[in-house]
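Written out below as structure tokens is the structure these notes cover.
The values are calculated or read from the model by the stated rules, or taken from the named source; none is laboratory data. Predicted model only: the values in this text are computed from it and were never measured. Here Cβ is always computed from backbone atoms with ideal geometry, including for glycine, and neighbour counts include all displayed protein chains.
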Amino acid sequence: MDTTQTNQRRLERAKIRVKKIKGFYTHLLIYVVINLVIVYINIQNLEPGESYFQYRNFITLTLWGFALIIHALTTFLPNFILGVNWEQRQIEKFISKERDQKRWE
């Protein structure tokens, strides 16, 4: 494989990675803004002397927070566990197996 194709594949992988990271940061920003609005609304709707610390005030924050954590793990963790070039190695492995099978046919 020549260097032009290799560089083009690296560029494509980098673009995909940047798009995933941008998607995560967008999700994080929306999470923060929406939850701040929800906290503000909940504070405005409190009765005099009522505590803010009730389970109903934290349902959205908690459930959406778990979804955000999963999004972060799928965005940042695959390269940590599988390695940076894992996808490329797997593709090359499958191509090699297919090439070897055709030799024996």
Exercise for the section: Might you check whether a residue that is in a helix (DSSP H, G or I), in contact (Cβ under 8 Å) with a residue 12 or more places away in the chain and under 30 Å from Trp86 (Cβ atoms) occurs anywhere in segment 2-16? Expected result: yes
Problem - Residue match in segment 50-61 (condition: surrounded by 11 or more Cβ atoms within 10 Å (Cβ to Cβ) and either touching a residue at least 24 places away in the same chain (Cβ under 8 Å) or hydroxyl-bearing (Ser, Thr, Tyr) (or both)) - result: yes
Exercise for the section: Residues being hydrophobic (A, V, I, L, M, F, W, C) and touching a Leu at 6+ places or on another chain (Cβ under 9 Å): count how many of those fall in segment 16-61. Expected result: 4
Exercise for the section: Could you look through segment 52-67, keep only residues that are modelled with pLDDT under 85 and part of a helix (DSSP H, G or I), and pick out the one that is nearest to Tyr25 (Cα to Cα)? Expected result: Asn57
Practice task
Tell me which residues, restricted to segment 1-33, are among the hydroxyl-bearing types (Ser, Thr, Tyr) and at pLDDT below 90.
Solution key: Thr3, Thr4, Thr6
Exercise for the section: Select from segment 1-48 the residues that are under 19 Å from the mean Cα position of the chain (by Cα) and either over 24 Å from His71 (Cβ atoms) or of a type in the set (Lys, Arg) (or both) and list them in ascending order. Expected result: Arg13, Lys15, Arg17, Lys19, Lys20, Lys22
